[in-house]
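The values are calculated or read from the model by the stated rules, or taken from the named source; none is laboratory data. Keep in mind the model is a prediction, meaning the values are calculated, not measured. Ideal geometry is used to build each Cβ from the backbone, glycine not excepted, and the neighbour counts take in all protein chains shown.
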Amino acid sequence: MPGLITTLAILFREVWTFVAYIKNNAFPQPLNEKDEEQCLKLMAQGDRQARNKLIEHNLRLVAHITKKFENTNEDTEDLISIGTIGLIKAIESYQPNKGTKLATYAARCIENEILMHLRSLKKARKDVSLHDPIGTDKEGNEITLIDVLGTERDEIVELVQMKIEKRKIY
């Protein structure tokens, strides 16, 4: 559990840094091949600063890929945050011996993370709760879908008979 909290704190800090970069339009330049290889080697040995350097110097890639999704009506900062998560996953799971460049692998991971997010939003939009308000009646009371849905004819007859019997008792 402490590892999860630490990871979330680091992620929050990195996203906050990224948002600051966006607002100032000041992305660090991508690393050259030699520096990237050095950071990857250091990261493989457990160096967190090398990992963070790789993340920071690839943020420009996240912003570039996020531009592809401008037509989704989602907040750009949200998409950048989701893309940054994809970048972090890419850097942590990258295997240089596979013969793929880090930027190529990261681009695919960033795009996949954003697409997964958009799919989950699409599914959530289809969900409808019977208790969500759908409007108001003449008196200003909220009407829910469950209020409007039809009931069986026998149930209505029973309800009316119960109300009549209650009136007779009182």
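Remark: pairs (first residue in region 102-120, free of Cβ contacts under 8 Å to residues at least 24 places away in the same chain and closer than 19 Å to E77 by Cβ; second residue surrounded by 20 or more Cβ atoms within 10 Å (Cβ to Cβ) and of a type in the set (G, A, S); Cβ separation under 9 Å; 6+ apart in sequence or on different chains) = M116/G86.
Can you tell me which residue in region 28-71 is nearest to I88 (Cα to Cα), limited to those that are polar (S, T, N, Q) and assigned to a loop (DSSP other than H, G, I, E, B)?
Applying the first criterion (polar (S, T, N, Q)) to region 28-71 yields 29, 32, 38, 45, 49, 52, 58, 66, 71.
Then keep just the ones that are assigned to a loop (DSSP other than H, G, I, E, B); that gives 29, 32, 45, 58.
Numbers: Q29: 17, N32: 19, Q45: 17, N58: 10 Å.
Only one residue tops the list, namely N58.
On the given criteria, is F69 at pLDDT below 90, in the same structural domain as I10 (by TED's automatic domain parsing), crowded, with 18+ Cβ neighbours inside 10 Å and in contact with a Leu (Cβ under 6 Å, 6 or more places away or on another chain)? Against the criterion (at pLDDT below 90, in the same structural domain as I10 (by TED's automatic domain parsing), crowded, with 18+ Cβ neighbours inside 10 Å and in contact with a Leu (Cβ under 6 Å, 6 or more places away or on another chain)), F69 does not qualify.
G86 falls short of the stated requirement of being within 26 Å of M43 (Cα to Cα), in the same structural domain as C39 (by TED's automatic domain parsing), without any contact (Cβ under 8 Å) to a residue 40 or more places away in the chain and out of contact with any Asp or Glu (no Cβ under 8 Å at 6 or more places or on another chain).
Would you mind stating whether L54 is aliphatic (A, V, I, L, M) and modelled with pLDDT of 70 or more? First the steps, then the outcome.
Numbers: aliphatic (A, V, I, L, M): yes; modelled with pLDDT of 70 or more: yes.
Yes.
Whether a residue is in contact with an Asp or Glu (Cβ under 7 Å, 6 or more places away or on another chain) and in the same structural domain as M43 (by TED's automatic domain parsing) was assessed, and L145 does not pass this test.
Residues that are surrounded by 10 or more Cβ atoms within 10 Å (Cβ to Cβ) and under 33 Å from the mean Cα position of the chain (by Cα): find the helices (runs of 4 or more DSSP H) completely inside region 72-170 holding 2 or more of those. Quick ask: steps written out before the conclusion?
Values: elements: 76-93, 102-126, 145-148, 153-169.
Fully inside region 72-170 and qualifying: 76-93, 102-126, 145-148.
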